[in-house]
Amino acid sequence: METERERLREFFAAKAVGWEKRFPDDDPAYAAAVAELRLRPGRSALDAGCGTGRALPRLRDAVGPAGAVIGIDLTPEMLHEATALGRHRAGALIEADSGRLPLRDACLDAVFAAGLVHHLPDAAAGLREFARVTRPGGRLALFHPIGRAALAARRGHALREDDVRAEPTLVPLLAGAGWELTVYDDSEDRYLAVATRALS
Ligand SMILES: C[S@@+](CC[C@H](N)C(=O)[O-])C[C@H]1O[C@@H](n2cnc3c(N)ncnc32)[C@H](O)[C@@H]1O
């Protein structure tokens, strides 16, 4: 597991500088995905695997100055780039593994995770950890600014149905972790799965 974490860190460390230049037009898609969390002023949100912090300004817009925004990432180079881009002004940046969040139980209203869940070595455990830190009725958004089929085609891969993001795989994983899937959109332009934290 440690080796896998190291491999991921190295992979993303090399991509940190200039990460957002590769996807300059994605901000409206991030804003629309954040809107699905239905955050209100004063609420709290985590961006898990925040990378360079692209979603942090949108999360801050949603919760306002009285709210709390946290971005966590495994890769220090990504957080360094986030700071260079001024994203620390939108949310607190913390180096941490999303599988072991340094957060209290039920302290958050929402978790946003873009491009993360398929990188987790144990997705079920990762979804349970998101559930642990989210209050009952809170929301989770798993997002990618391109649909699975379009992404697979771009990378020259076949679409895999055992992919954790595929609906038949994701629904039972979410349910087992204390989430109920409420939105599933795997279209050309985006992948978005939104789930609500079960009430008990
Ligand atoms: C595809 S990038 C997405 C970055 C950002 N969310 C975005 O949309 O631009 C995936 C990010 O997840 C981070 N990551 C991967 N596994 C992680 C883990 N277990 N805990 C925290 N961050 C992780 C990587 O370091 C990387 O920054």
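About its Cα centre, what dipole magnitude does segment 63-153 give when the only charges are +1 on Lys and Arg Cβ and -1 on Asp and Glu Cβ, stated in debye to the nearest 20?
About 320 debye.
Please get the size of the charge dipole for the chain, origin at its Cα centre, with Cβ charges of +1 on Lys and Arg and -1 on Asp and Glu, quoted in debye to the nearest 20.
Working: 27 positive and 29 negative charges, 106 e Å.
Using only the charged Cβ atoms, the result is roughly 500 debye.
Quick one: compute the contact order of segment 98-200, relative version, from alpha carbon pairs under 8 angstrom and 6+ residues apart, as a percent.
Numbers: 184 pairs, mean separation 32.7, N = 103.
In percent, rounded to a whole number, it is 32.
Which one, 193, 121, 159, projects farthest toward the positive side of the charge dipole computed for the chain from Cβ point charges (K/R +1, D/E -1)?
193
Decide, for segment 70-183, between rounded, prolate and oblate: order the square roots of the alpha carbon gyration tensor eigenvalues as a ≥ b ≥ c, take rounded if a/c falls under 1.5, and otherwise choose prolate if a/b is larger than b/c, else oblate.
Oblate.
Report the one residue of 42, 142, 13 whose Cα lies farthest in the direction of the positive end of the charge dipole of the chain (charges on C-beta: Lys and Arg +1, Asp and Glu -1; origin at the Cα centre).
42
Bear in mind that the values in this text are calculations on the coordinates, not laboratory data. These numbers come from a predicted model, not from an experiment. No Cβ is skipped: glycine too gets one built from the backbone with ideal geometry, and neighbour counts run over all protein chains shown.
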